[in-house]
1. Return the residue satisfying two criteria in turn: it lies in segment 373-426 and is of a type in the set (D, E, K, R) and assigned to a helix (DSSP H, G or I), and of such residues it is nearest to Leu301 (Cα to Cα).
2. Quick test for you: out of Val87, Val98, pick the one residue that is in contact with an Asp or Glu (Cβ under 7 Å, 6 or more places away or on another chain), in contact (Cβ under 8 Å) with a residue 12 or more places away in the chain, not in a helix (DSSP H, G or I) and not polar (S, T, N, Q).
3. Considering only residues that are of a type in the set (Ser, Thr, Tyr) and closer than 25 Å to Ala233 by Cα, look in segment 70-121 and name the one that is most open to solvent (accessible area, probe 1.4 Å).
4. Can you report the number of residues in segment 362-394 which are out of contact with any helix residue (DSSP H, G or I) (no Cβ under 6 Å at 6 or more places or on another chain) and either within 30 Å of Trp121 (Cα to Cα) or crowded, with 22+ Cβ neighbours inside 10 Å (or both)?
5. For Lys31, work out the one condition from (1) modelled with pLDDT under 95; (2) among the charged types (D, E, K, R); (3) open to solvent by less than 50 Å² (accessible area, probe 1.4 Å) it doesn't fulfil.
6. Give the number of residues within segment 272-301 that are of a type in the set (Val, Ile, Thr) and without any contact (Cβ under 8 Å) to a residue 24 or more places away in the chain.
7. What's the number of the condition Thr249 fails, among (1) touching a Ser or Thr at 6+ places or on another chain (Cβ under 8 Å); (2) in contact (Cβ under 8 Å) with a residue 24 or more places away in the chain; (3) of a type outside the set (Asp, Glu); (4) open to solvent by 20 Å² or more (accessible area, probe 1.4 Å)?
8. Among the residues of segment 223-246, what is the count of those that are touching a strand residue (DSSP E or B) at 6+ places or on another chain (Cβ under 7 Å) and either polar (S, T, N, Q) or without any contact (Cβ under 8 Å) to a residue 24 or more places away in the chain (or both)?
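The values are calculated or read from the model by the stated rules, or taken from the named source; none is laboratory data. This is a predicted model, so every value here is computed, not measured. A quick note on method: Cβ atoms are made from the backbone with ideal geometry, for glycine too, and the neighbour counts reach across all protein chains shown. SASA here: full protein model, heavy atoms, side chains in, ligands and nucleic acids out. Shrake-Rupley method; radii C 1.70, N 1.55, O 1.52, S 1.80 Å.
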Amino acid sequence: MAAIPEFADPSSPEGFQESPYDPRYDPLVSKTGCGQAYAPTYWVGTAGPPPEDDGPVRNDFDADVVVIGSGFTGLVTALNLAKEHGVSAVVLEANRAVWGCSSRNGGQGQNASGRLYRSQWIQRWGLDVAKRLDTEIREGFEYWQSLVATIDCDAQPGGHLYTAHRPKKLAFLQNECRVMRDVFGYDTRMLSREALHERYVEDQEAVGALHEQEGVGVHPLKLAFGYIRQARALGVKIHPCSPVLGWETRDGIHHLRTPGGTVRARRVAVATGGYTPQGLHPSLTNRMMPILSNSMVTRPLTADERAEAGLKSTVFITDTRTLRFYYRLLPDGSMQIGSRSALTGADAQNGRHLELLKNGLYRKFPRLRDVPIAYSWWGWVDVSHDMMPRVVQPNPDELVFYAFGYGGNGVSSSANAGRRLAERVVGKDGKQWDLPIYNSPLPGHLFAPFRRLGQAMLYKYYYLRDEIL
């Protein structure tokens with residue numbers, strides 16, 4: 001287990017002060033932080049003051065359920081435990097509340113889960129399982145929409161666009177459109193380049209697009225702050241600056257050591273996503289690959305600039321690259337774009353990763369070339385080795401549960417994961433548990449020490465396949 005950082009002295013009140021944001025943080029090699037400031041994201045800059053929390057853990061105490069991680073998943077888990085099951089959970093967070101990916105993502109709420117498309121569900125599990133999985137994911141998306149409707153989070157409905165960045169990608173989108181319409185009953189539609197430009201955006205790379213009606217863009221930090229307020233109103237305790245620095249299980253009781261005290265719990269739900277520290281719990285060893293995602297936001301565009309660039313809609317967009325760009329026009333007129341970037345935290349600040357985003361934006365919208373960039377940041381995404389998430393109890397003899405592996409599609413699917421994770425914690429039965437995202441743990445990685453080497457090789461291959469071959 002990582003040692004307590006020097007700035008987190010549990011014997012001193014100063015140990016609970018906010019520490020500087022470390023842009024080099026890397027979950028595979030970095031020590032667990034304590035009280036770090038937020039990353040300098042657009043969402044942090046525009047969300048307003050954070051809601052009250054319950055401060056750091058300052059003594060030993062008992063809890064029925066502890067949730068580790070205060071992102072979307074952890075907060076919705078705690079919210080459901082309190083609201084639906086009468087259990088007031090304790091949430092432990094290493095840094096500031098909602099410090100990780102939930103305050104750094106693109107805010108794109110899709111009717112999706114993990115990295116696989118619905119046609120790939122059919123290929124992997126067969127039609128019957130794929131249809132039942134679709135029902136679960138669709139119901140989960142509707143549940144997330146019900147939460148969004150209760151929170152002021154700058155919701156932008158209108159669906160989601162997949163843009164074909166090269167002509168050869170049109171066949172792929174046409175097949176997905178057919179599968180979603182004919183097999184799953186969605187009102188998906190293909191758009192020509194001309195129709196895309198006329199109705200939505202004049203993306204100069206796009207040769208066509210698939211439009212699905214299910215999709216809502218949100219301000220992710222405002223959404224998370226809303227989760228916090230709702231959860232605390234129901235008795236949930238949220239303790240920032242309280243990293244789990246040691247975890248022992250004795251006689252069925254989990255002893256979670258933090259800088260300010262040990263929390264003893266019968267049940268523990270882990271929801272730390274791409275920020276899961278090495279050695280947190282044996283069930284998580286080598287179960288994920290944390291992947292960096294970069295994002296940037298321009299200053300607000302004038303009406304003339306938006307017209308010249310051909311930005312006619314706030315519908316959010318993803319292109320068909322494997323290392324895809326995701327982008328949208330925000331409510332204040334700013335333009336946001338993100339994509340994958342560095343392999344390691346040590347390289348995250350290298351200017352070439354920001355240049356990749358700028359070049360991607362300028363290829364799509366050349367008229368934005370001279371617009372200043374107001375925000376730039378990066379964050380870690382939790383990608384499972386089989387590209388699909390899990391919400392499981394990995395060991396039936398131990399009351400430890402986790403939800404991981406969204407692969408960049410966690411804005412909306414994390415809500416359903418949190419709802420299902422709460423049900424797992426309280427032992428609720430349900431027919432959904434025989435689905436592949438619930439009936440097996442995350443697969444391990446046989447070559448974990450060489451993951452980054454493999455990632456580097458894959459990135460080069462993906463670039464060749466996306467841009468040249």
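1. Initial filter on segment 373-426 (of a type in the set (D, E, K, R)): 382, 386, 390, 397-398, 419-420, 423-424.
After this cut, where a residue has to be assigned to a helix (DSSP H, G or I) as well, the list is 419-420, 423-424.
Numbers: Arg419: 38, Arg420: 41, Glu423: 45, Arg424: 46 Å.
The qualifying residue nearest to Leu301 (Cα to Cα) is Arg419.
2. Numbers: Val98 fails: in contact with an Asp or Glu (Cβ under 7 Å, 6 or more places away or on another chain).
Among Val87, Val98, only Val87 is in contact with an Asp or Glu (Cβ under 7 Å, 6 or more places away or on another chain), in contact (Cβ under 8 Å) with a residue 12 or more places away in the chain, not in a helix (DSSP H, G or I) and not polar (S, T, N, Q).
3. Kept after step one, since they are of a type in the set (Ser, Thr, Tyr), are these residues of segment 70-121: 70, 73, 77, 88, 102-103, 113, 117, 119.
So of that shortlist, the ones also closer than 25 Å to Ala233 by Cα come out as 70, 73, 77, 88, 102-103.
Working: Ser70: 1, Thr73: 11, Thr77: 0, Ser88: 69, Ser102: 15, Ser103: 1 Å².
Here the residue is Ser88.
4. At the first step, the residues of segment 362-394 found to be out of contact with any helix residue (DSSP H, G or I) (no Cβ under 6 Å at 6 or more places or on another chain) are 362-364, 366, 370-374, 377-378, 383-390, 392.
Among the residues that remain, those that are also either within 30 Å of Trp121 (Cα to Cα) or crowded, with 22+ Cβ neighbours inside 10 Å (or both) are: 364, 377-378, 383-390, 392.
The total comes to 12.
5. Lys31 satisfies every listed condition except (3).
6. Of all residues in segment 272-301, those of a type in the set (Val, Ile, Thr) come to 272, 276, 285, 291, 297-298.
Within this subset, residues satisfying the condition of being without any contact (Cβ under 8 Å) to a residue 24 or more places away in the chain are none.
Counting residues in segment 272-301 that are of a type in the set (Val, Ile, Thr) and without any contact (Cβ under 8 Å) to a residue 24 or more places away in the chain gives 0.
7. (1)
8. Here the count works out to 1.
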